[in-house]
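Novice: Sharing a structure with you now.
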Amino acid sequence: MPMEGTGAMTHPKTLQELLLSLPGHGSAPAIIATGRDNAGTRSFADLFDTSQKFAKAIASRGLQGSHTIGLMAPNSPAWIGAFFGIVAAGGVVMPIDVQTADEDLQHMLAIGECRLVFAGAGQIDRLRNLTPSCEALDLDALQAMPPPEPAGAVPAPHVPPTDPNDVAVLAFTSGTTGTPKAVPLSHRNVMSNVEALVMEGILGPRDRALVPLPFHHAYPLTVGILTVLGSGAAIILPAGISGPQLVEAIRDGQATALLGVPRLYDALLTNIKAEVAHKPWAVRHLFAFLLAASSLIHRQSRIPAGRWLFRSLHARIGPTLRLMVSGGAALPPDVETALLGLGWRVLTGYGLTETSPILAFNRPGRARIGAAGQALPGVQLRIAKPNAEGCGDIEASGNSVFTGYRDGAPATRNAFTTDGWFRTGDLGRLDANGYLFITARATETIVLPSGQKIDPESLEKTYATDHLIREIAVLHRATGLAALIVPNDEAVREAGAFRIRGLIHDALNKRARTLPPHLRLSGFAVTRQPLPRTQLGKLRRHLLPTLYESALAARGTVHEAVHSEADTTLLAAPLAGAVWHWLQRRYPDQAVALDTSPQLDLGVDSLGWLDLTLALERDFGMTLTEQQIARIVTLRDLLREAVTATPPQAEPPATAPSQNMWLAPYGPGIRATRFAGESFLRGVMDAFFRLRVDGRQNLPHPPFLICPNHVSYLDTFALAAALPHRQLQSTYWAGWTGLLFTTRFRRLFSRAAQVVPIDPDRAAAAGIALGSAVLARGRTLVWFPEGGLSPDGSLQPFQPGVGAVLDRYPVPIVPVYISGTAAALPPGKRLPRLRQIAVRFGAPLDPADAGADIAGRTHQQAVAEAIRAAVAALSPTVASGQSHQN
């Protein structure tokens, strides 16, 4: 059933009438620009007079009337003056993003049949070169000219009357799924939005609204300019969009309202939480308690208790700021709840460029967290083809809905139903009180071959909860769902930068275990290039496949060679400059820049760091510690660490003193514990898992290296039970520090089980040295070359670290294939199931011969691939196939 908003429409009905109402506010501030360079205040009367300058410039070129006139410049008071100047001349305003590509810009100017564009100084030459037939005028220079008439003069000659059905604005869609489409919006369309919002009384003449969003979008244009001025309030323009500039604008402009998008509010909340995280324990817990209490109070009574509980926070950000308006995309409920708990009022809405843009919004005092709100007055909403839960296609009708795309007849036919309702392309539901809930964007929904539909945005939010992920975009490839990921550099530094892809792989697997199988990723690619977004923060999803393939192929991003003052100082240091030129020679085929990532752009893995640091030691006499290497995310970081590197030691120890404890002899207590544990383990594996062992005769005399596959945490226990007693006593196990050494109890267990700590992320070289030390003492070492659990049970690529261990101490290699453990204890499960487990030992490999026939690889990589092939040959499927052929 359609739901219709309430409320009566009043004047003004056109943008011309709105313009004529501006002088009535006289000297009251209309625009407040902040910052050192362009600070100043323009009154409503000043704004009207400025509009007349632009109207005169238009009329002098014989364009007065319904001509389309472009407006292409950054946000400024002149932009607003030029907008109303075009309105005053009776023209159609075509706002253009300054970042529009040349090809799209030519297309837009052709569709609009533009003969004149008001542009920023930086765009003038570009426009003249692209479209010589279209005149480009510097809007800042025009604004600086004397007014055409005395302030407050009768404006009638410059403001011709206009029919409400005439086109007022030629807007363009954001282009998230392809080429932007031209959207003609009439005066009735735009003013129905403005009038409905003004009548709600959200803002008044004493309010000041900070608008940091680009004016060429429908949302900031209608809500941030026209509605604010129509309410008699002032617009605050920040000097820029950085955090400090926005806070400066809030304070200096005494902002009472902020117009933003979800990414802005999420960044604000993240910064607040980051500040709290550095406070003492008591402060952190007090903050969490007060926020929870304040949120509960607001939910029950709508009283903004956070306004008083967090007075110091409000004083620091802006004591006058009371309202946060969010649009452009859905505001996550947890972000909205936190902002309300902190004491701000939050208003959200929903709409599209084609609807001028607001269709629904949460009215003051009646907002519902998670809802897009109720229909705007004059708007009707309905749900077409609802499912059992009431979710279906959102369709709209009303005064704010456009009538069709310009030069886009097929697109227009697809956009409207046979009875004239606009298809928004979104999916949602309406509750009994008319609140709209958005569930997905239909044009972005991924449909799997099985027919299952997936909302990528919801899935992205789930995976993005890991602190290692800064940005993530989910897309569909031939192999299934995949993700393009931008890592969080600071979190990567903290975790250890050796193995970025490995860290991300583990993080994704951790999240995947909480999801059903069809929502798990089949692959991912890592890039340090920011994901492509519109200026309102929406992903340009049609660009993702190309970027994904590029990142997957490890083609590094070409970074601009723009050096800051700090970079110049760094490169001026003799050692840093010498290393920089050395790096450029070392990677002649790469686009090396200070922002280049050694791991992602140059393919330097943990073993690659060994080669690189040895070369630095040889050529420059410096030694980078494991801790220093773990902090290196870019080549800039490498140069900074190089400057502080220490000279090399003449005889660096194979193992650090802290590592030797894991190789020290045991006392009688641990020996007794090991004997009891071994007996118990063998009994359990035989009784519950019917352990079958093949190939024990292949085990040579120590020292040797055991390399098994890895699909379950049961693998280690099955392998231990499969080894003969005497052999097990001399066997050590390479264990990941992130699992087996995190608590005192786990460290005691690892000591008793002869597990040695290996950290592939922070200390790969030290781990390899420790593994080699085990072999050097005549013991056996178990090394899982896949580097972690296989996510799907298949044999993963073997990491070349096993080759580095054998380089230091070459011993026989025993390949092992363990089967049945994945069925007995799958990843993510806590309780095992009764399934048979089998362990098969293969014939030993000679490290001197392993990988000798593999070309195009380093020796370490070739050895790892040869061992993998030997392990794969032991799998039950391959073995049974070979027996059948024999």
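The values are calculated or read from the model by the stated rules, or taken from the named source; none is laboratory data. Note that this is a predicted model, so its numbers are computed, not measured. For neighbour counting, all protein chains shown are included, and Cβ atoms are generated from backbone atoms with ideal geometry for every residue, glycine included. Protein only, heavy atoms only, side chains kept; ligands, DNA and RNA dropped before computing areas. Shrake-Rupley method; radii C 1.70, N 1.55, O 1.52, S 1.80 Å.
Novice: How do 322-329, 676-683 rank on mean C-beta neighbours within 10 Å, highest first?
Specialist: My ranking of the peptides, most packed first, is 322-329, 676-683.
Novice: Where does each of Val492, Val276 land when they are ordered by accessible area, with a 1.4 Å probe and the largest first? Before the final figure, lay out the partial values.
Specialist: Details: Val492 0, Val276 25 Å².
From most accessible down to least: Val276, Val492.
Novice: Per residue, how large is the accessible surface of the chain? Use a 1.4 angstrom probe and give square angstrom.
Specialist: On the way: 39910 Å² over 886 residues.
Here the per-residue accessible area is 45 Å².
Novice: What residues qualify as long-range amide H neighbours of His67, i.e. H under 5 Å apart, gap of 5 or more or another chain, H built at 1.01 Å from N?
Specialist: HN-HN under 5 Å from His67: Val92.
Novice: Which order do the peptides 119-128, 392-401 come out in when sorted by mean C-beta neighbours inside 10 angstrom, highest first?
Specialist: On the way: 119-128: 16.6, 392-401: 23.3.
Result, highest mean first: 392-401, 119-128.
Novice: Two decimals, Cα atoms only, Kirkwood Rh: what is Rg/Rh over the chain? Please report the intermediate quantities before stating the final value.
Specialist: Working: Rg = 33.2 Å, Rh = 31.6 Å.
Taking Rg over the Kirkwood Rh, I get 1.05.
Novice: Moving on. Could you tell me the relative contact order of the chain? Use alpha-carbon pairs under 8 Å, at least six residues apart, and round to a whole percent. Intermediate values should be presented prior to the final figure.
Specialist: Details: 1654 pairs, mean separation 69.1, N = 886.
The value is 8 percent.
Novice: Can I ask one more? Keeping the other protein chains in place, figure out the carbon and sulfur percent of the accessible area of region 371-494, with a 1.4 Å probe.
Specialist: On the way: 2690 of 5510 Å².
C and S fraction of accessible area: 49 percent.
Novice: Can you tell me the 0 to 90 degree angle between the C-alpha axis of helix 574-586 and the longest principal axis of the chain, rounded to 10?
Specialist: Approximately 80 degrees, to the nearest ten.
Novice: Tell me, what ³J(HN,Hα) does each residue in region 343-358 have, in order and in whole Hz, if you take phi through Karplus 6.51 cos²θ - 1.76 cosθ + 1.60 with θ = phi - 60° and put x for Gly and Pro?
Specialist: Going residue by residue, I get x, 9, 7, 10, 10, 10, x, 8, x, 9, 3, 5, 10, 6, x, 7 Hz, with x marking Gly and Pro.
Novice: Can you pull the percent of region 15-122's accessible area that's carbon plus sulfur, 1.4 Å probe, other chains left in place?
Specialist: 45 percent
Novice: To the nearest 10 square angstrom, what accessible area does Arg470 show with a 1.4 Å probe?
Specialist: Near enough 130 Å² of accessible area.
Novice: Let me ask something additional. At a 1.4 Å probe radius, carbon and sulfur cover how many percent of the accessible area of region 247-318?
Specialist: Numbers: 2630 of 4180 Å².
Carbon and sulfur: 63 percent of the exposed surface of region 247-318.
Novice: Also, I was wondering about something else. Can you tell me the orientation of helix 262-277 relative to the chain, as the angle in degrees between its alpha-carbon axis and the longest Cα principal axis, to the nearest 10?
Specialist: Roughly 50 degrees between the two axes.
Novice: So, one more: From largest accessible area down, sort His701, His710, His107, His187; use a 1.4 Å probe on the protein chains.
Specialist: Details: His701 165, His710 25, His107 85, His187 5 Å².
The ranking, largest first, comes out as His701, His107, His710, His187.
Novice: Lys461: which lysines have alpha carbons under 28 Å from its alpha carbon, excluding same-chain residues fewer than 8 sequence positions away?
Specialist: Candidates past the 8-residue exclusion: Lys273, Lys279, Lys385, Lys453, Lys510, Lys538, Lys829.
Novice: Continuing with the same structure: Summing -39500 (n - 2.57) over the DSSP H runs of n ≥ 4 in the chain and dividing by its residue number, what mean residue ellipticity at 222 nm do you reach, to the nearest 500 deg cm²/dmol? Intermediate results must be reported in sequence, preceding the final value.
Specialist: Details: 34 runs with 334 residues, N = 886.
It lands at -11000 deg cm²/dmol.
Novice: Angle between the Cα long axis of helix 281-301 and the longest principal axis of the chain, 0 to 90 degrees, nearest 10?
Specialist: Long axis of 281-301 versus the principal axis of the chain: about 50 degrees.
Novice: Under the Karplus relation 6.51 cos²θ - 1.76 cosθ + 1.60, θ = phi - 60°, what is the ordered set of whole-Hz ³J(HN,Hα) values for region 102-108, x standing for Gly and Pro?
Specialist: Whole-Hz 3J(HN,Hα) from phi for region 102-108: 4, 4, 5, 5, 4, 5, 5.
Novice: Another question, if that's okay. Once amide H atoms are placed 1.01 Å from N in the peptide plane, what residues at a sequence separation of 5 or more from Ile632, or on another chain, have their amide H within under 5 Å of its amide H?
Specialist: Ala497
Novice: While we're here: Starting at the first residue of region 221-228, write each ³J(HN,Hα) from the Karplus equation 6.51 cos²θ - 1.76 cosθ + 1.60 with θ = phi - 60°, in whole Hz, x for Gly and Pro.
Specialist: 5, 6, 7, x, 10, 5, 5, 4
Novice: Let me ask something additional. If I ignore ligands, DNA and RNA and count only protein heavy atoms, how much of His467 is accessible to a 1.4 Å probe, in Å² to the nearest 10?
Specialist: For His467, the solvent-accessible surface is approximately 110 Å².
Novice: Under the rule of at least 5 residues apart or a separate chain, name every residue whose amide H is placed under 5 Å from the amide H of Asp426.
Specialist: Close amide H contacts, sequence-distant or interchain: Ile394, Ala442.
Novice: Using a 1.4 angstrom probe with every protein chain in place, what is the largest-first accessible-area order of Glu490, Glu354, Glu565?
Specialist: Numbers: Glu490 115, Glu354 15, Glu565 155 Å².
The most accessible residue leads, giving Glu565, Glu490, Glu354.
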